[in-house]
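Below is one structure, written out as structure tokens; comments come after it.
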Amino acid sequence: AQKVTQAQTEISVVEKEDVTLDCVYETRDTTYYLFWYKQPPSGELVFLIRRNSFDEQNEISGRYSWNFQKSTSSFNFTITASQVVDSAVYFCALTGNTGGFKTIFGAGTRLFVKA
Amino acid sequence: GAGVSQTPSNKVTEKGKYVELRCDPISGHTALYWYRQSLGQGPEFLIYFQGTGAADDSGLPNDRFFAVRPEGSVSTLKIQRTERGDSAVYLCASSLGAGGRLETQYFGPGTRLLVL
């Protein structure tokens with residue numbers, strides 16, 4: 001069975017702090033993709049990044065960076081110098097070929113960035 | 001270009017009534033997905049269309065739920081005899097479809113359904 005765990009339910013930081021959102025996944029698939037989505041208060045899920053199981057290179061995009069480690073089945077997301085506009089719920093998701101390539105989402109981490 | 005659109009944005013209905021929720025995917029996207037998101041949870045897969053056909057409907061919770069996509073573009077999620085437990089945000093997503101379900105999905109704003 002596939003599973004995505006986001007152990008942090010809520011995180012609160014002050015603007016300009018760095019924050020890391022944890023994601024741990026379980027899958028028996030050898031081919032899979034991992035995703036991060038942002039859900040602001042408006043409700044629409046915004047795609048942030050996709051990483052396939054064969055590419056463990058870390059990625060940086062502006063203030064965002066992602067650390068994918070297959071050895072620990074983790075795909076953590078760091079926001080550097082957080083801003084109030086980063087306040088949202090962040091979801092980690094996994095799509096693998098078990099059960100027909102369903103996308104499984106974690107329960108989400110609500111990030112509050114205070115001015 | 002336009003993203004995924006969903007109508008209505010909010011729907012309030014009474015227990016036992018029938019509802020239809022509409023999704024208009026990104027133009028050119030052949031794959032379409034429906035999810036249900038309960039309060040405080042991540043989206044939960046319902047059904048996946050490739051073109052006009054439902055390639056995977058294993059996430060539909062019971063036979064009160066049905067979805068169609070007759071022309072391979074707009075999709076309608078239909079819920080019969082609604083129950084209070086059906087209250088949730090129903091999200092639609094689409095993807096290009098060429099790469100199968102490993103593709104990135106782009107989500108609409110959702111329809112918030114409240115069953116009284």
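The values are calculated or read from the model by the stated rules, or taken from the named source; none is laboratory data. Fair warning: this is a prediction, and the values are worked out from it, not measured in the lab. Cβ: placed from backbone, ideal geometry, glycine included. Neighbour counts: every protein chain shown.
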Legend entry - Residue in segment A:64-85 that is at pLDDT 95 or above and within 11 Å of chain B (Cβ to nearest Cβ) present: no
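Output the residues belonging to segment A:36-63 that are of a type in the set (Val, Ile, Thr) and either more than 12 Å from chain B (Cβ to nearest Cβ) or farther than 26 Å from residue B:94 by Cα (or both).
Within segment A:36-63, just A:60 meets the criteria.
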Inset, instruction - Specify the residue that is farthest from the chain's Cα centre (by Cα); the eligible residues are those in segment B:66-86 that are within 24 Å of residue A:39 (Cβ to Cβ) and surrounded by 18 or more Cβ atoms within 10 Å (Cβ to Cβ). - result: B:86
Legend entry - Within segment A:65-84, considering residues that are in contact with a Phe, Trp or Tyr (Cβ under 7 Å, 6 or more places away or on another chain) and without any contact (Cβ under 8 Å) to a residue 40 or more places away in the chain, the one nearest to residue B:107 (Cα to Cα): A:66
Legend entry - Condition broken by residue A:90, with the remaining ones in (1) part of a strand (DSSP E or B); (2) of a type in the set (Ser, Thr, Tyr); (3) at the interface with chain B (Cβ under 10 Å from one of its Cβ atoms) satisfied: (3)
Inset, instruction - Return only the number of the condition from (1) touching a Gly at 6+ places or on another chain (Cβ under 9 Å); (2) buried (at least 19 other Cβ atoms within 10 Å of the Cβ) that residue B:58 does not satisfy. - result: (2)
Legend entry - Residue selected from segment B:92-109 under the condition among the aliphatic types (A, V, I, L, M) and out of contact with any Asp or Glu (no Cβ under 9 Å at 6 or more places or on another chain), by the criterion modelled with the highest pLDDT: B:93
Legend entry - Boolean, residue B:81 is of a type outside the set (Gly, Ala, Ser) and on the phi > 0 side of the Ramachandran plot: yes
Inset, instruction - Pick out the one residue from B:63, B:24 that is closer than 18 Å to residue A:44 by Cβ and either surrounded by fewer than 21 Cβ atoms within 10 Å (Cβ to Cβ) or of a type outside the set (Ser, Thr, Tyr) (or both). - result: B:24
